[in-house]
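Asks: Structure incoming, see below.
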Amino acid sequence: MKFFVDTADVSEIRELAAAGLIDGVTTNPSLILKANRPMKEVIAEICDIVDGPVSAEVGATEYDEIMREGRILAKIAENVAVKVPLTLDGLKACRTFVDEGTMVNVTLCFSAPQALLAAKAGATFVSPFVGRLDDAGVDGMELIQDIRTIFDNYPDFSTEILAASIRSVNHVKDAAKAGADVATIPPSTLKSLVKHPLTDKGLDLFRADWAKTGQRIE
Ligand code: E4P
């Protein structure tokens, strides 16, 4: 399973990339707003740090304008994946981008039939939003399971399932169990994956006993 980090905060991305923990990055308009920097500049900087796919989302909703914006974003670096909404115009743009050799992340997926359409449009990634479905009282992880089952029925589909709107360590574990190809995870959640109270407790004991030995490894 690949881990993408879901942020436009370059310092967080640098830290996680240096630890070898990330395979790509996703951004969206809300994350660009939070970063408070020009989008093209941020995406270029992220693409310099990370070799894997970096999702950059269009603001447009109509085909011609999605294509215009997406082509500008795709020119920033070879590893840009243009992110388009799961609408008819977005899917049409997806097919054109893929035919042009540009990676595409189809975002805002909330149902299995929508994911099926993204796969038929040749999307590189489809992003089902687990957390936002949970917020709406629907089991978001069930959607990941359904899409996995459907995609496995059709080995010709090459679209990767990118579990998005991940909010917790359990979301990451359950997305992996459900067979998501990728999880895009906020930096704080990604860092919390390493934590376990018994790891801390065990480390304290080992450190104390090691100090008592009076030894030094050299
Ligand atoms: C990723 O591509 C999505 O934009 C992101 O995961 C959305 O997460 P949120 O629902 O926490 O905003």
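Asks: Of the residues R71, R95, R37, only one is under 26 Å from I166 (Cβ atoms) and charged (D, E, K, R); which?
Replies: Numbers: R71 fails: under 26 Å from I166 (Cβ atoms); R95 fails: under 26 Å from I166 (Cβ atoms).
Of the residues listed, the single one that is under 26 Å from I166 (Cβ atoms) and charged (D, E, K, R) is R37.
Asks: Here's something else I'd like to know. Does region 175-191 hold any residues that are in contact with a helix residue (DSSP H, G or I) (Cβ under 8 Å, 6 or more places away or on another chain), within 15 Å of the ligand (Cβ to nearest atom) and either part of a loop (DSSP other than H, G, I, E, B) or in contact (Cβ under 8 Å) with a residue 24 or more places away in the chain (or both), and which are they?
Replies: A175, A180, A183, I185, P187, L190
Asks: Quickly run through region 135-166 and pick out the residues that are part of a helix (DSSP H, G or I), among the charged types (D, E, K, R) and closer than 20 Å to P186 by Cα. Steps first, please.
Replies: Initially, region 135-166 is screened for residues part of a helix (DSSP H, G or I), giving 135, 140-153.
After this cut, where a residue has to be among the charged types (D, E, K, R) as well, the list is 135, 142, 146, 148, 152.
Matches in region 135-166: D135 only.
Asks: Can you tell me which residue among A176, A163 is modelled with pLDDT of 95 or more and farther than 30 Å from E69 by Cβ? Full working, then the answer.
Replies: On the way: A163 fails: farther than 30 Å from E69 by Cβ.
Answer to the check: A176.
Asks: Those residues that are hydrophobic (A, V, I, L, M, F, W, C) and more than 14 Å from the ligand (Cβ to nearest atom), I need them from region 45-76; list them, please. Give the steps one after another, and end with the answer.
Replies: Within region 45-76, the subset hydrophobic (A, V, I, L, M, F, W, C) is 46-47, 49-50, 54, 56, 58, 60, 66-67, 72-74, 76.
Once the filter is applied, which keeps residues that are hydrophobic (A, V, I, L, M, F, W, C) and more than 14 Å from the ligand (Cβ to nearest atom), region 45-76 yields C47, I49, V50, A60, I66, M67, I72, L73, A74, I76.
Asks: Looking at A208, is it farther than 19 Å from T7 by Cα, exposed (fewer than 12 other Cβ atoms within 10 Å of the Cβ) and within 15 Å of the ligand (Cβ to nearest atom)? If you could, list the steps in order and put the result at the bottom.
Replies: Values: farther than 19 Å from T7 by Cα: yes; exposed (fewer than 12 other Cβ atoms within 10 Å of the Cβ): yes; within 15 Å of the ligand (Cβ to nearest atom): no.
So A208 fails the test.
Asks: What do you reckon, is L190 within 19 Å of A112 (Cα to Cα), at pLDDT 95 or above and crowded, with 16+ Cβ neighbours inside 10 Å? Even if it seems obvious, please write down each step before you answer.
Replies: Values: within 19 Å of A112 (Cα to Cα): no; at pLDDT 95 or above: yes; crowded, with 16+ Cβ neighbours inside 10 Å: yes.
No, not satisfied.
Asks: Could you tell me which of the residues V138, V82, V98 is within 15 Å of the ligand (Cβ to nearest atom) and buried (at least 17 other Cβ atoms within 10 Å of the Cβ)? Walk me through how you get there before you give the answer.
Replies: Numbers: V138 fails: buried (at least 17 other Cβ atoms within 10 Å of the Cβ); V98 fails: within 15 Å of the ligand (Cβ to nearest atom).
Result of the check over V138, V82, V98: V82.
Asks: Further question: For R167, which of the numbered conditions (1) surrounded by fewer than 18 Cβ atoms within 10 Å (Cβ to Cβ); (2) within 25 Å of R14 (Cα to Cα); (3) touching a Phe, Trp or Tyr at 6+ places or on another chain (Cβ under 9 Å) fails to hold?
Replies: (3)
Asks: Here's another thing I want to ask about it. Which count do you get for residues in region 41-70 that are more than 21 Å from I22 (Cα to Cα), assigned to a helix (DSSP H, G or I) and without any contact (Cβ under 8 Å) to a residue 24 or more places away in the chain? Break it down stepwise before answering.
Replies: Within region 41-70, the subset more than 21 Å from I22 (Cα to Cα) is 58-70.
This time we only want the ones that are assigned to a helix (DSSP H, G or I), so: 63-70.
Checking the rest, the ones that are also without any contact (Cβ under 8 Å) to a residue 24 or more places away in the chain come to 64-65, 68-69.
Residues in region 41-70 being more than 21 Å from I22 (Cα to Cα), assigned to a helix (DSSP H, G or I) and without any contact (Cβ under 8 Å) to a residue 24 or more places away in the chain: 4 in total.
Asks: Tell me which of these L108 doesn't satisfy, since it passes every other one: (1) in contact (Cβ under 8 Å) with a residue 24 or more places away in the chain; (2) within 19 Å of F3 (Cα to Cα); (3) of a type outside the set (G, A, S).
Replies: The one condition L108 does not meet is (1).
Asks: Can you run down the residue pairs with Cβ atoms below 7 Å, 6 or more apart or on separate chains, where the first is in region 192-218 and in contact (Cβ under 8 Å) with a residue 40 or more places away in the chain and more than 24 Å from K173 (Cα to Cα) and the partner is surrounded by 10 or more Cβ atoms within 10 Å (Cβ to Cβ) and of a type outside the set (S, T, Y)?
Replies: Sorted first by the residue in region 192-218, then by its partner, the list stays empty.
Asks: Return the residues of region 12-38 that are farther than 20 Å from C94 by Cβ, assigned to a helix (DSSP H, G or I) and within 16 Å of the ligand (Cβ to nearest atom); say none if nothing qualifies. Break it down stepwise before answering.
Replies: Going through region 12-38, the residues farther than 20 Å from C94 by Cβ turn out to be 12-23, 30-38.
Filter once more, so that each one left must be assigned to a helix (DSSP H, G or I): 12-18, 30-35.
Residues satisfying the conditions are E12, I13, L16, S30, L31, I32, L33, K34, A35.
The values are calculated or read from the model by the stated rules, or taken from the named source; none is laboratory data. Predicted, not measured: the structure shown is a model, and the values here were computed from it. Reconstructed Cβ throughout: ideal geometry from the backbone, glycine too, with neighbour counts over all protein chains shown.
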